[in-house]
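Student: This is the structure, below, for whatever I ask next.
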Amino acid sequence: MKLRLTIAAALLLLGSLTAADTKPIRVAMIFDDGPHAEQTAKLLALFAEEKVHVTFGTVGKNAEKHPGLLQQVVAAGHEIANHSYSHLHPQKLDASAVDAEVLDGQQKITAAAGVAPVWYWPPFIAIDDQVRASVAKAGLKIYSPRKLVASGDYMNDVDAAELLRRATTGIVDGTVILFHEWRAETFAQMKAIIAELKRQGCVFVTYSEMEAQLGR
């Protein structure tokens, strides 16, 4: 009887461990600075193939140039976030200029996309009281990741292999992984990045999906 109970307990423990091991890790990938004339369409095709949805950190002046691409982003089920009008560093601007970056970005992105972003994703991830005030005036919320992993693709000395390593290391539930649309190596490595993240048990969500599922 004792042996049977021991075996049953071991099987129960193994089952609980297996369930824990297979719990999905929710990640939100964000792609900044687009739409980009060459890279956006390539990324959209890859995401459709992989059945992955992401968030695009959209710059207002680029939305003005490429409204059709931005509409394709929305039509494909991805989320767009306001990444300012012209990607100036907010800490180098006065209050009125920060207001303009946030508000003009929101207006231009909304006009181009046909939908209004609900999140503000500050350039250089620079957040201070003035940025918070400007974002509040625009009726937006700043997205604050539980954990941010930067791929480093904005640095020229980060090559393709290092980009892949950085983007797939230290990933936990609730992680945001930062990329940039304009870097050719980002698209070149994206299939491998997605494959490795899936191997780790990751599922891909947008900012709004992450917020709804994890809360604060």
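Read-outs: derived from the displayed coordinates by stated rules, not from any lab. None of the values given here were measured: they were computed from a predicted structure. In this analysis, Cβ positions are derived from the backbone assuming ideal geometry, glycine residues included, and neighbour counts consider all displayed protein chains.
Student: Using the Cβ atoms and a cut-off under 9 Å, what net charge is assigned to the surroundings of E209, where Lys and Arg are +1 and Asp and Glu are -1?
Tutor: Charge balance in the 9 Å sphere: -1.
Student: What is the sum of charges around N62, taking Lys and Arg as +1, Asp and Glu as -1, for the other residues whose C-beta is under 12 Å from the C-beta of N62? Intermediate values should be presented prior to the final figure.
Tutor: Values: positive: K61, K65, K108; negative: D32, D33, E64, E181.
Neighbour charge sum, excluding N62 itself: -1.
Student: While we're looking at this one, here's another question. Step through the residues of region 63-80 one at a time and calculate ³J(HN,Hα) from phi using the Karplus curve (6.51 cos²θ - 1.76 cosθ + 1.60, θ = phi - 60°), rounding each to whole Hz and writing x for Gly and Pro.
Tutor: 4, 4, 6, 10, x, x, 5, 5, 5, 5, 4, 5, 4, 7, x, 8, 9, 10
Student: Follow-up question, since we're still on this one. Give me I109, I142 ranked fewest to most by other Cβ atoms within 10 Å of their Cβ, as a rough exposure proxy. Walk me through the numbers before you get to the answer.
Tutor: Numbers: I109 28, I142 16.
With the fewest neighbours first, I109, I142 line up as I142, I109.
Student: How big is the dipole moment of the chain about its Cα centre under a simple scheme where the beta carbon of each Lys and Arg is +1, that of each Asp and Glu is -1, and everything else is neutral? Debye, nearest 20, please. Write out the running numbers ahead of the final one.
Tutor: Working: 22 positive and 24 negative charges, 206 e Å.
In total the dipole reaches around 980 debye.
Student: Given the rule -39500 (n - 2.57) for each run of at least 4 DSSP H residues, summed and divided by the residues of the chain, what is its mean residue ellipticity at 222 nm, to the nearest 500 deg cm²/dmol?
Tutor: On the way: 9 runs with 107 residues, N = 216.
Dividing the helical sum by the residues of the chain leaves -15500 deg cm²/dmol.
Student: What net charge do the residues around I177 carry, taking every other residue with its C-beta under 11 Å from that of I177, with Lys and Arg at +1 and Asp and Glu at -1?
Tutor: Numbers: positive: K147, R166; negative: D153.
Around I177, the surrounding residues sum to +1.
Student: Ordered by packing density, taken as the mean number of other Cβ atoms within 10 Å over each peptide's residues, highest first, how do 192-201, 173-182 rank? The partial results should precede the final answer.
Tutor: Values: 192-201: 15.4, 173-182: 20.7.
My ranking of the peptides, most packed first, is 173-182, 192-201.
Student: Where is the GNM fluctuation largest for the chain (alpha-carbon springs, 10 angstrom cutoff): S134, S86, S96?
Tutor: In this elastic network of the chain, the residue with the biggest mean-square fluctuation among S134, S86, S96 is S96.
Student: Right, another one. With bins 5 Å wide starting at 0, give me the P(r) of region 92-216 over every alpha carbon pair, in whole percents.
Tutor: For region 92-216, the binned pair fractions read 2, 9, 17, 17, 18, 17, 12, 6, 1, 0 percent.
Student: Residues in region 28-52, backbone N under 13 Å from the label point at I125 (7 Å along the Cα-to-beta-carbon vector): list them, ranges by number please.
Tutor: Flagged as within label range: 28-32.
Student: On to the next question. If I model a spin label at A97 and K23 as a point 7 Å from the Cα along the Cα→Cβ vector, what separation in nanometres do I get?
Tutor: It works out to 4.6 nm between the two label points.
Student: Note the angle between two axes, namely the Cα long axis of helix 2-21 and the longest principal axis of the Cα atoms of the chain, as a number of degrees from 0 to 90, rounded to the nearest 10.
Tutor: Result, in degrees: 10.
Student: Which one of M155, M190, M29 has the biggest mean-square fluctuation once the chain is modelled by GNM with Cα springs under 10 Å?
Tutor: Result for the chain, Cα springs under 10 Å: M155 fluctuates most.
Student: If you don't mind, there's one more thing I want to ask. Order these peptides, 43-51, 75-83, by their mean beta-carbon neighbour count within 10 angstrom, highest first.
Tutor: So the peptides 43-51, 75-83, ranked by packing, come out 75-83, 43-51.
Student: Rank the residues R165, R183 as a footprinting-exposure proxy: fewest other Cβ atoms within 10 Å of their Cβ go first. Let's see the in-between values first.
Tutor: Details: R165 16, R183 24.
In order of increasing Cβ crowding within 10 Å: R165, R183.
Student: Could you work out the Kirkwood radius for the chain, taking every pair of different alpha carbons, averaging 1/r and inverting it, reported in Å?
Tutor: Working: mean 1/r = 0.0543 Å⁻¹.
About 18.4 Å, per the Kirkwood formula over Cα pairs.
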